[in-house]
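Let me begin by presenting the structure, written as C-alpha cells, before commenting on it.
The values are calculated or read from the model by the stated rules, or taken from the named source; none is laboratory data. Bear in mind that the values here come from a model prediction, so they are computed numbers and not experimental data. For neighbour counting, all protein chains shown are included, and Cβ atoms are generated from backbone atoms with ideal geometry for every residue, glycine included. What goes into the accessible areas is simple: the full protein's heavy atoms, side chains included, and nothing from ligands, DNA or RNA. Shrake-Rupley method; radii C 1.70, N 1.55, O 1.52, S 1.80 Å.
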Amino acid sequence: MNEKFKDLPEYLARKKENGSKIIGYFCNYIPEELIKSADAVPLRLVSGGVPEAMQAGEQYVKSYCCPYIRSCIGNRVNENPLYTFLDAICVAGTCDGMKHVEEYWRKYSDIPVFSVGVPKVSNRFRTREHTSKYFKSELTRLKKDLEILTGTKITDKRLKENIRLYNLIRSRMRRLYDHLNIGSSKISWRDIFRISHLGYLIDRDEFLGEITNILKELRIKTSSIERSEEQVRLMLYGSILAFEDTKVLDIVEASGGKIVADALCTGSRFWRKDVSIEGSLMDGLVDRYLYNIPCAHMMDFMMRLNYVIATARDSKSQGLLYYNLKSCDTYRSEFREIEEDVKKELGIPSLLIETEYSPADIGTTRTKIEAFLEMVRGV
Amino acid sequence: MDSKNRIGATRSRVVAKWRLFPPEIIFSMGAIPYDLLLHEGLVTTKDDEVNPSKYAIEAGLSADCCPWNLSAASKILSKEDDSDIDMFLATVGFCDVSSKSWRTMSKRIGRPFYSIEIPQFNFESENNALLFIQQELSSMFNRLSRRRGYEFSEERLLKEIKKGNFIRNLLSDITKFLSTQSVPVSALEYFLIQTSAGDYLQDPDITGSILNRIKTEIESRNKNGESAPGIQDGAPRIYFVGMAPQQLGFWNLIEDCGGVSVGCDTYLSLFYELIPEHTNVQKELAKWIWRMPHNIPSIERSKMLTAYIKKQNPDAVIIGNLVGCRNISQSDRFVKETIREELGIPVTSLEFGASDEDITLLEPHIRSLIDMCK
C-alpha cells in the first residue's frame, strides 16, 4: 500500500489525463459517494503536522487560529503537490476555522469551491426533521454542482454502486480495528491509522482490495509475541490528527505507551456507520453523514461522550490521551467534562495535550506523557 | 453602566443572550434579554480580580480563547448560585466559543441551556437557510412555551419588533450625526449608545426615551455646528471595524491621539435596517436575521460594510482584532483588502487582548495613523 501512496501523484496525473476531475475536501461531512459517482476522484485533505505549511497559512489567518486550519491554507500557498491537482474543492461548514478556509479558497484560488452547510443542532428531537431537510438540500446542491463540473449525471444506479463500495470499505476497516482487541494480532493501531490515511487518498477500489488482503493475512498470521503488559494501553481522542502529525504518537511509543483505540475524525469515526440503500439514497447519505458521531463543533456532547466511553471500555484502555490542537476551542472546552465522566464511568485518568505543528514543545510534551504513563502504571 | 444591576430587580425571567441575537425575540416570550458579554465582559476598574478568567479556565475553557467570553463566563461562574440568569440561550453558527461557553456556564451553575442555530456559512444556499431559520425560531417558541412556560405569541413578537425598530431608528439617526463635519458625539459616548442595541438595556421603553433625549441634544449641537467636548477641529475621521476591545479607555484613545470617531460596527448588525413589520412576522424576521452583516461571509460582509462606512465620510479605518478570537479577527486580511479596494483610504489593523496594557501599547500605532491622515 505504501507503493500506491508513493505513486499517488502519477495516479492523479493519469486520472486527470483521462478526463477525471480531482476533488478535494476537508471534513468528514462530505459524502465521498457523491464525488465518486460523478466519476471524479475524491481526496480528503488531511495534510498537517508540517511547520512550514502552518506558518505559510499565517499570511491569511492569525497565528491564534488552529494549526490545521492554517495548514489547509498554507499547503496551497506552499504548493503541496496534492493540492496542485485539484479541480474543485468541497468545504463543509463545520467550525469557525473551516469558514476561513472556504473564504480563502474562494478569494485566492481559481478553482470552484462547493460549500455544504452542516447544521450543528442536528441531533435533537425537536430539530431532527428540519436539520435533515436542510442538510439534504445542501447535499442535493452539491450533487448538482458536481454534475455540472464533471458533466456526469449522478444516477441512482451509480450512487447505489458507490454506496455499496464505501459500505464495504467501512465494514472492512471496522474489522481491522476489531483486530486491536485480539491480544495476538499482528497489526498495531498505528498501522491501522496509517492505512486509514491512505484510504483518504489512493484509488478506493484498489484500497478495498488492499485492506481485504490485509484482513486475509491477519486471519492466517497471528503474532507470536504476546501483548506486553508493560506497555500502557491508551485511547486517543480530540482534535483532528493529520497525516504527518506524528509527534505525540512517537513520544507515546518511545515512552512505553501503546495506543490501542481512537475516537478521532481521521480514525475510527470515519469508518463508523454505513449508508442505507433501502429507500431514498440521499436520505441514506443524510443519515450517515449528519448522524455519525459528531465533531465537537456540533452541539451533541452526549453522543461524543458515550462513544469515547464505549471505545475506551471495549479496548480496555488504561488512560485517555486528549489530543488538542492549540486554538481548537470546540474540543478544548469539552475536555474537563470528558475527563470527569471517563473517570466516573471507567475509573481511568485523562491527559490533555495541547500542541501545534512545531517541534518547540517536544520536551514538555514528553515530560507530560512520561509522567502520565508512570502515574497509570502506579510507579 | 448601571443597567447590569436591573435584572436583579425584575420579576420576569432573565435570558442570557449572545451579543448580536435580536432582543425582541426574548422580549416576545415575556422574558428579559441580558447581553452577557457586554454586562459581564467589559473590563472595568471596579474589578479587583487578579485573573479575570480564573473561573472560566477552571470550568474548562481554554486560557487563550476569546477574552470577552472568558471574562464573562468567569464572572458568572464566580457568582455560582447567586446569578440572576434563568436561562442561557446560545446562538449557534457564528461563534463556536460563545455556544461552548454558554453551555459550560449553564452546566456549572445549573440553569437551563437552549441553543438556536443561525446558519452563517453557506452564502449560496439562502433559500435552504431561510427555511431553516424559520423552523428554528418556530421550534424554539413552541419548545420554550410548552416545556418552560415562556409565553409567546405572534402579536407580542410584532409588538416587540415595533419597539425594537423604534430604537433602531434612533440609533441610525444618531449615527448619521457622526457623518457631519463637526462630530457631536465622542467615541466613548457613541460606543455606549450603540451597546443599547444588545438588550435595549433591558427595557425598550426607558432606553427609547433616553436615546430620544440624547438625539435631541445631539441635534441641537449639530445645528449649532458644535463638536463634542474634547474633539479638535479638522481631526482625522476614524471608523472602527471588527472586534471591540473590552476596555472602554480604547475609545478615548482615538481622541487623545488627535482623531475623531465617526462610527463603529460593533452592534451594527442589530440596527443595519429595520425588521419588516409585516403580518408574516417569523418569515420576515428570518430573512432579516440571515442578512445581518455579521452572518455574511467576510468578503461579502466587508463589501456590505463599506457602504455603511462610506456614509460616515471617514479618512481611515481601524480594524480591531482580539487575540484569541477565532472568528471575526481571523478575517482581518480579507476585510482589510476589500475596504482598501472599495474605499481607497488607509486601513490599519490593531491587535489587543484583555489587559489595560494592551490598550496602552496601541497608542503609537493609532497616533501614527492619525498623524498620517493629517
Spin-label pair B:Arg11/B:Ser182, simplified geometry with 7 Å Cα→Cβ offset, distance in nm: 4.9 nm
Reciprocal of mean inverse Cα separation for the protein assembly as shown (Kirkwood radius, Å): 27.5 Å
Spin-label model distance (nm) - A:Arg128 vs A:Lys186, 7 Å beyond Cα toward Cβ: 4.5 nm
Förster radius 41 Å - calculated FRET efficiency between A:Arg14 and A:Ile362, Cβ distance, rounded to 0.05: 0.55
Residues along segment B:88-105 losing 10 Å² or more of accessible surface when the other protein chains are present rather than the chain by itself (probe 1.4 Å): B:Val92, B:Gly93, B:Asp96, B:Val97, B:Ser99, B:Lys100, B:Arg103, B:Thr104
Label-reachable residues, segment A:339-355, where backbone N falls under 20 Å from a point 7 Å from A:Asn306's Cα toward its Cβ: A:339-347
Accessible area of the protein assembly as shown divided out per residue, in Å², using a probe of 1.4 angstrom: 38 Å²
Calculated FRET efficiency for the pair B:Lys287/B:Lys223, C-beta based, R₀ 51 Å, to 0.05: 0.85
Portion, in percent, of the accessible area of the protein assembly as shown that falls on carbon or sulfur, probe 1.4 Å: 48 percent
Formal net charge of residues neighbouring B:Lys163 (Cβ-Cβ distance under 14 Å; K, R +1; D, E -1): -3
Cα gyration tensor shape of segment A:159-303, rounded if a/c is under 1.5, else prolate or oblate by comparing a/b with b/c: oblate
Chains A and B, summed buried accessible surface - 1.4 Å probe, Å², nearest 100: 4600 Å²
Amide H partners (placed H, <5 Å) of A:Ala92, local residues excluded: A:Phe26, A:Cys27, A:Val116
FRET efficiency estimate (nearest 0.05) - Cβ-Cβ, B:Leu361 to B:Asn313, R0 30 angstrom: 0.55
For the protein assembly as shown, with +1 on Lys and Arg beta carbons and -1 on Asp and Glu, the positive-most of B:Ile206, B:Ala187, A:Gln318 along the dipole: A:Gln318
Computed magnitude of the charge dipole of segment B:4-151 (debye, nearest 20; Cβ of K, R +1, Cβ of D, E -1): 500 debye
Neighbour net charge for B:Ala286 - beta-carbon separation under 14 angstrom, K R +1, D E -1: -3
Helix-only CD estimate at 222 nm, as mean residue ellipticity for chain B, using -39500 (n - 2.57) per DSSP H run (n ≥ 4): -15500 deg cm²/dmol
Three-way shape call for segment B:156-373 based on the alpha-carbon gyration tensor, with the a/c threshold at 1.5: oblate
Hydrodynamic radius of segment A:224-318 per Kirkwood, over alpha carbon pairs, in Å: 15.3 Å
Charged-residue dipole, Cβ positions (Lys, Arg, Asp, Glu), segment B:274-319 about Cα centre, Debye nearest 20: 100 debye
Length gained when the stretch B:Glu124-B:Gln232 is fully extended (0.36 nm per residue, less Cα-Cα span): 34.3 nm
Dipole magnitude of the protein assembly as shown, debye to nearest 20 (Cβ charges: Lys/Arg +1, Asp/Glu -1, about Cα centre): 2240 debye
Exercise: per-residue mean of other protein chain Cβ atoms within 10 Å, B:9-17: 0
Column: log10 I(q)/I(0), Debye, Cα scatterers of segment A:1-102, q = 0.10, 0.13, 0.16, 0.23 Å⁻¹: -0.29, -0.48, -0.72, -1.24
Computed over segment B:4-151, Kirkwood Rh from alpha-carbon pairs, angstrom: 16.0 Å
Cα-derived Rg over Rh, computed across chain A with Rh taken as Kirkwood radius: 0.95
Extension gain, B:His278 back to B:Asn252 (0.36 nm per residue minus Cα-Cα distance, nm): 5.2 nm
Residue-averaged [θ]222 nm for chain A, counting only DSSP H segments that reach four residues, each worth -39500 (n - 2.57): -15500 deg cm²/dmol
Highest-fluctuation residue, B:Arg213, B:Arg148, B:Arg221 considered, GNM on chain B with Cα pairs under 10 Å: B:Arg148
Rounded if a/c under 1.5, otherwise prolate or oblate - segment B:327-374, Cα gyration tensor axes: oblate
Distance from segment B:169-232 to segment A:240-269 (C-alpha centre basis), Å: 57 Å
Dipole of the protein assembly as shown, positive direction: furthest Cα of B:Ile167, A:Leu43, B:Leu361, with charges on the beta-carbon: A:Leu43
Span from the segment A:321-346 Cα centroid across to the segment A:179-199 one, whole angstrom: 24 Å
Shielded by partner chains, segment A:325-352 residues - at least 30 Å² of accessible area, 1.4 Å probe, vs chain alone: A:Ser327, A:Asp329, A:Thr330, A:Arg332, A:Ser333, A:Arg336, A:Glu337
